[in-house]
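S.K.: If you scroll down you'll find the structure; I have some questions about it.
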Amino acid sequence: HKPELNESRFQEEHTSLSSIDMALELAAAKANSLTRNFPTALVIGADQTLEFNGKTQHKANSMSEARRQLELMAGQMHLLHSAVACANSSGLLFRHVATARLTMRAFSKAFLDGYLLSMGERVLHTVGGYEFEAQGIQLFEKIDIDIRRGKHKLRQRQQPRLIAPPYTFQRNKTS
């Protein structure tokens, strides 16, 4: 079921929150919004926020804005805060956030053109303009994920699986 929450309004009303706290509060608000309709259920809410250059980023409102966001993040590191919250009719029971440090490749304009063409308006439905679990993985050079049991590093050491037309990557040098 879709949460009964206007994310844009929530974010406008909570501009003083850090990116991490925004992810936690959105996840909790989503979970809590459904407990009224499902009083006997354990409800899970989740959300992500993207932090780039110390500022919380938002979903693009147009394809040209998505292009600008991706161009700015190309070759750069950003943080993705993923939060989860559990609630029932008694209130919030649990919440947690994990942060990933993602470094985008310094990709070419031709690659970005192909990526945006293949993704279409889906880039407007996700912060950062990528679906990390799908085609968006092609955008990344390095991924560091902090989880409770330790730190995991994932690096693409070979050409990633291409879903978009085969445009050339300009890879960053990594150790």
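S.K.: Any idea which of 95, 67, 105 is among the basic types (Lys, Arg), touching a Phe, Trp or Tyr at 6+ places or on another chain (Cβ under 8 Å) and surrounded by 16 or more Cβ atoms within 10 Å (Cβ to Cβ)? Let's see the steps before the verdict.
M.R.: Values: 95 fails: touching a Phe, Trp or Tyr at 6+ places or on another chain (Cβ under 8 Å); 67 fails: touching a Phe, Trp or Tyr at 6+ places or on another chain (Cβ under 8 Å).
Sole residue among the options that is among the basic types (Lys, Arg), touching a Phe, Trp or Tyr at 6+ places or on another chain (Cβ under 8 Å) and surrounded by 16 or more Cβ atoms within 10 Å (Cβ to Cβ): 105.
S.K.: Of everything in segment 13-29 that's open to solvent by 30 Å² or more (accessible area, probe 1.4 Å) and not in a loop (DSSP other than H, G, I, E, B), which residue is farthest from residue 80 (Cα to Cα)?
M.R.: Of segment 13-29, the ones open to solvent by 30 Å² or more (accessible area, probe 1.4 Å) are 13-18, 20-21, 25.
With not in a loop (DSSP other than H, G, I, E, B) added as a condition, the list becomes 13, 20-21, 25.
Working: 13: 21, 20: 9, 21: 12, 25: 15 Å.
Step by step, filter segment 13-29, then rank; the result is 13.
S.K.: Residue check: is residue 111 more than 19 Å from the chain's Cα centre (by Cα) and either open to solvent by 40 Å² or more (accessible area, probe 1.4 Å) or on the phi < 0 side of the Ramachandran plot (or both)? Spell out the reasoning first.
M.R.: Working: more than 19 Å from the chain's Cα centre (by Cα): yes; either open to solvent by 40 Å² or more (accessible area, probe 1.4 Å) or on the phi < 0 side of the Ramachandran plot (or both): yes.
So residue 111 passes the test.
S.K.: Condition first: surrounded by fewer than 20 Cβ atoms within 10 Å (Cβ to Cβ) and in contact with a helix residue (DSSP H, G or I) (Cβ under 7 Å, 6 or more places away or on another chain). Now tell me which residues in segment 36-47 satisfy that. Step through it out loud before you land on a result.
M.R.: First, pick out the residues of segment 36-47 that are surrounded by fewer than 20 Cβ atoms within 10 Å (Cβ to Cβ): 36-42, 44, 46.
Hits for segment 36-47 are 44, 46.
S.K.: Ok, one more. Among the residues of segment 62-90, which ones are touching a residue at least 24 places away in the same chain (Cβ under 8 Å), touching a strand residue (DSSP E or B) at 6+ places or on another chain (Cβ under 9 Å) and closer than 18 Å to residue 106 by Cα?
M.R.: The answer is 69, 70, 73, 74, 75, 76, 77, 78, 79.
S.K.: Among the residues of segment 119-139, are any open to solvent by less than 20 Å² (accessible area, probe 1.4 Å), at pLDDT 90 or above, farther than 23 Å from residue 8 by Cβ and of a type outside the set (S, T, N, Q)?
M.R.: Yes, some residue in segment 119-139 is open to solvent by less than 20 Å² (accessible area, probe 1.4 Å), at pLDDT 90 or above, farther than 23 Å from residue 8 by Cβ and of a type outside the set (S, T, N, Q).
S.K.: Answer yes or no as to whether residue 59 is out of contact with any helix residue (DSSP H, G or I) (no Cβ under 8 Å at 6 or more places or on another chain), assigned to a loop (DSSP other than H, G, I, E, B) and closer than 25 Å to residue 120 by Cα. Break it down into steps so the answer makes sense when it comes.
M.R.: Details: out of contact with any helix residue (DSSP H, G or I) (no Cβ under 8 Å at 6 or more places or on another chain): no; assigned to a loop (DSSP other than H, G, I, E, B): yes; closer than 25 Å to residue 120 by Cα: yes.
Here the answer is no, as residue 59 does not meet what is asked.
S.K.: Please list, ordered by first then second residue, the pairs with beta carbon atoms under 8 Å, 6 or more apart or interchain, first in segment 29-43 and without any contact (Cβ under 8 Å) to a residue 60 or more places away in the chain, second open to solvent by less than 50 Å² (accessible area, probe 1.4 Å) and of a type in the set (Ser, Thr, Tyr).
M.R.: Cβ pairs passing all conditions: 41/35; 43/35.
S.K.: Continuing with this model, one more query. Return yes when residue 54 is open to solvent by 30 Å² or more (accessible area, probe 1.4 Å) and at positive phi and no when it is not. Reasoning before the result, please.
M.R.: Working: open to solvent by 30 Å² or more (accessible area, probe 1.4 Å): yes; at positive phi: yes.
In short, yes.
S.K.: Oh, and also: Give all pairs with beta carbons closer than 8 Å in which a residue from segment 100-115 that is of a type in the set (Asp, Glu) meets a residue that is outside any helix (DSSP H, G or I) and open to solvent by 30 Å² or more (accessible area, probe 1.4 Å); count only pairs at least 6 apart in sequence or on separate chains.
M.R.: 113/167
S.K.: When you check residue 91 against the structure, is it at pLDDT below 90 and not basic (Lys, Arg), yes or no? I'd like the intermediate steps shown before the answer.
M.R.: On the way: at pLDDT below 90: no; not basic (Lys, Arg): yes.
Against the criterion (at pLDDT below 90 and not basic (Lys, Arg)), residue 91 does not qualify.
The values are calculated or read from the model by the stated rules, or taken from the named source; none is laboratory data. Nothing here was measured: the structure is a model prediction, and the numbers come from that model. A quick note on method: Cβ atoms are made from the backbone with ideal geometry, for glycine too, and the neighbour counts reach across all protein chains shown. What goes into the accessible areas is simple: the full protein's heavy atoms, side chains included, and nothing from ligands, DNA or RNA. Shrake-Rupley method; radii C 1.70, N 1.55, O 1.52, S 1.80 Å.
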